[in-house]
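To start, the structure under review is shown below, and the notes come after it.
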Amino acid sequence: VIQRPPALEKLLEILRSLPNVGPKMSERIAFHILRMPEDKIRDFIDILEASHAEVRPCPICGHWDDSSPCRVCQDPSRDKTVLCVVENSQDVQAVSRIKNFKGIYHVLGGTLSPLEGIGPDDLQITSLLKRLETEPIQEVILATNSDMEGESTAQYISKQILSVSAKIRGNGRPEGIKITRPAQGLPSGGELEYMDELTLTHAFDGRREFDRN
Ligand SMILES: [Zn+2]
């Protein structure tokens, strides 16, 4: 076996730390990078640095943006009574393509996953419940993925919302908070961010009161 230069070894190692990049893919990307002309690699490094420095999670909803609060939270034309809960910032992008949805968002930052050791405290659930208490939100759409983790996360959150809802009913908001879930028909285990606009629109238009069990 011919020994690789340490610089290349390091490059391969950092590439393998990226999601879904295995040994083969890391080699392809590494050699693509090595062959890049000087000006292109400069641009590449500058863009990496700038995006990392400028794009941050919104302190209110958790959506990644270069303004703080994010442009959704700052947008006065948004319907502040309907809040869509999603797993990650890419999902916000996907839902934003639905023409009939003009509400606001809350990004959980993942799903509950006992196998990976991800519990409620690792997700933005406390901040969500706080928002429900203090903001005039009347409906929460639980738009987590339809895989097992997404479903159990929706179940867990709905129970938490129920107790917040009971609390605010006693505090002069008798309507409480309605909990809905996008309609069936989402591909099982399908990830929201890869769904086309029409399917998403149907799923949101046909959303139903969340079925707790
Ligand atoms: Zn925001």
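Scanning the range 114-131 for residues that are under 19 Å from Ile161 (Cβ atoms) and either away from the ligand (no atom under 16 Å from the Cβ) or touching a Ser or Thr at 6+ places or on another chain (Cβ under 8 Å) (or both) gives Gly119, Pro120, Asp121, Asp122, Leu123, Ile125, Thr126, Leu129.
Would you confirm whether any residue within the range 95-113 is in contact with a Cys (Cβ under 9 Å, 6 or more places away or on another chain), within 16 Å of the ligand (Cβ to nearest atom) and assigned to a helix (DSSP H, G or I)? Yes. In the range 53-72, the residues that are of a type in the set (Phe, Trp, Tyr) never reach a residue that is assigned to a loop (DSSP other than H, G, I, E, B) and near the ligand (Cβ under 6 Å from one of its atoms) with C-beta atoms less than 6 angstrom apart, at least six apart or across chains.
With respect to (1) modelled with pLDDT under 90; (2) surrounded by 14 or more Cβ atoms within 10 Å (Cβ to Cβ); (3) under 25 Å from Cys58 (Cβ atoms), the lone exception for Asn100 is condition (2).
Quick grid of which residues meet (1) within 13 Å of the ligand (Cβ to nearest atom); (2) over 20 Å from the mean Cα position of the chain (by Cα); (3) surrounded by fewer than 10 Cβ atoms within 10 Å (Cβ to Cβ):
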position	(1), (2), (3)
Ile2	no, yes, yes
Pro19	no, no, yes
Lys24	no, yes, yes
Asp39	no, yes, yes
Phe44	no, yes, no
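Within the range 52-72, the presence of at least one residue that is closer than 23 Å to Asp122 by Cα, at pLDDT 95 or above, more than 13 Å from the ligand (Cβ to nearest atom) and within 18 Å of the chain's Cα centre (by Cα) is confirmed.
The values are calculated or read from the model by the stated rules, or taken from the named source; none is laboratory data. Values in this document were obtained by computation on a predicted structure and should not be read as measured data. Positions of Cβ are backbone-derived with ideal geometry, glycine not excepted, and every protein chain shown enters the neighbour counts.
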